[in-house]
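Before any comments, here is the structure.
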């Protein structure tokens, strides 16, 4: 009975939450999709992939809301009171749903580990292609159109058929030298080729103007040519929507499962160890004391004994160099220092990139577990809250669920940002929300066992009346 009461609200709230999250994604990228001629089927495909990728985020919210609604309905109908009066504790009564939610958490982990990487690969590669697709060609009257690379086109007016155009001006910038080629025509037609890869302007009664230098000499020429009918063909193959190779995105952290992430993390660790051990070989050409000879040992012993150099080098090193070679020596030292600085900068940048990749892989690895664990954690928060609130439906439970989910989401995002900035360890940042909310879940469970009236309106009204009666001063009676 309890599971049956939970499944109905869970399914409804899950699809509502998923719809809200998908619409949030759609409105976020809507500006980059409009005007590019993206078909409805392509948009539906993108939304399906994004829906699969957003399921781990919708599951915790639906578990929280449905658990509050389920136990709120039981409390509102005094079923919880009847259960407690029969000697059954709340924890024992919650056991079937705890097992059921634990099963949902396991399914969420399996889904996040096996399906989400594939969905992310499909969704993000498709989103990349859509965002990089050129807008569809839209030539409007009295406006210059620069959608076709190398050309600027202006049409004075268009007929109702959408093909016949008047007062056409075409600036050809393909030579990259300015407006040296211009085509003007009184009228014409816009026609598409059979393969839809080209746009044909069939112009009538016009002029071509061409200015420039002849090849091989410095003679400046001006050419004007009249035509009765002339076809100007524009290549539109660059505007065609093409799908990228998905292998370009497979190495991203979002496209990997737990085994692949663990392997990538292990590879990065070994690479950092190799970089640390080989750094000396990069510095050897610039640091002569690493030659390993006896002179080096003498100098090192002198440094350890508190002397800067052995006694035979008491005078300045520059004074030991002949005057004629000091300028060349200074230039050589400056070049070596600059080269060494460039080498250090490159190694520091490489180390920074490796560290960022390591953090991303670690964060994504822990994300597979934290979002699944969040289902169980938010159920342990939602079930006691529903029993305390004792209100069913979508009123008070919806408000409380949204508040707690926003708190969880903010803590989760804050922990992830702290982990990415290396302020905390990746595991601590990703589990921070769970660590903070776990004591709250335990406190709520023990509070409901003691029949806490934390969210009971009558309790607050009673406390207010008690406080008012305490402050009220009775007038003195005359004797």
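The distance between label points at residue 281 and residue 91 comes to 6.1 nm (points 7 Å beyond Cα on the Cα→Cβ vector). Subtracting the Cα-Cα distance of residue 332 and residue 266 from 0.36 nm times their residue separation leaves 19.6 nm of extension gain. In this simple spin-label model, placing a label point 7 Å from the Cα along the Cα-to-Cβ direction at both residue 224 and residue 340 gives a separation of 7.1 nm. Taken along the Cα-to-beta-carbon direction at a fixed 7 Å, the label points for residue 79 and residue 41 span 4.7 nm. Sorting 167, 175 by the number of Cβ atoms found within 10 Å of their own Cβ, with the fewest placed first, yields 175, 167. Take the Cβ atoms of residue 15 and residue 189, set R0 to 51 Å, and the FRET efficiency comes out at 0.50.
Taken together, the values in this text are just the output of simple stated rules run on the coordinates, not laboratory data. All figures in this text were calculated on a predicted structure; none of them were measured in a lab. Backbone-built Cβ (ideal geometry, glycine too); neighbour counts: all protein chains shown.
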